[in-house]
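Below: one structure, written as structure tokens.
None of the figures in this text is laboratory data; all of them are computed from the coordinates on show. All of these numbers come straight from a predicted model, not from anything done at the bench. Cβ placement follows ideal geometry from the backbone for every residue including glycine, while neighbour counts extend to all protein chains displayed.
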Amino acid sequence: MPVSNTDIVERIARVIAGRIVSSNADGSDPSAGDVVDRVWPDYRPDALSILRTLREPDEAMAAVGDTAVWERMVEAALAREDAPAL
């Protein structure tokens, strides 16, 4: 499986920002890339809320995977957010 070089919180925040501003979703900007690059940090709190919700897999997810591994992966992403900046 490919592994992203971009932090999961940033990726989620960028998706939210894209949905807000892009005409391909709910927005009106037909070329929203530059706007998304600029505003995605504003959506970090939303992304973190989504990630916190995902800590607990649903029944379908649990049926096909290791729930302990899933929880550790999500907790690792959240812990990175709590770590002090260097």
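Rounded to the nearest 20, the size of the Cβ-charge dipole of the range 8-82 about its Cα centre is 140 debye, with Lys and Arg at +1 and Asp and Glu at -1. A simple packing score, the average count of other Cβ atoms within 10 Å per residue, orders the peptides 72-81, 9-18, 39-48 as 9-18, 39-48, 72-81, with the highest score first. You can think of it this way: the chain between ASP46 and THR67 has 5.2 nm of extra reach, that is 0.36 nm per residue less the Cα-Cα gap.
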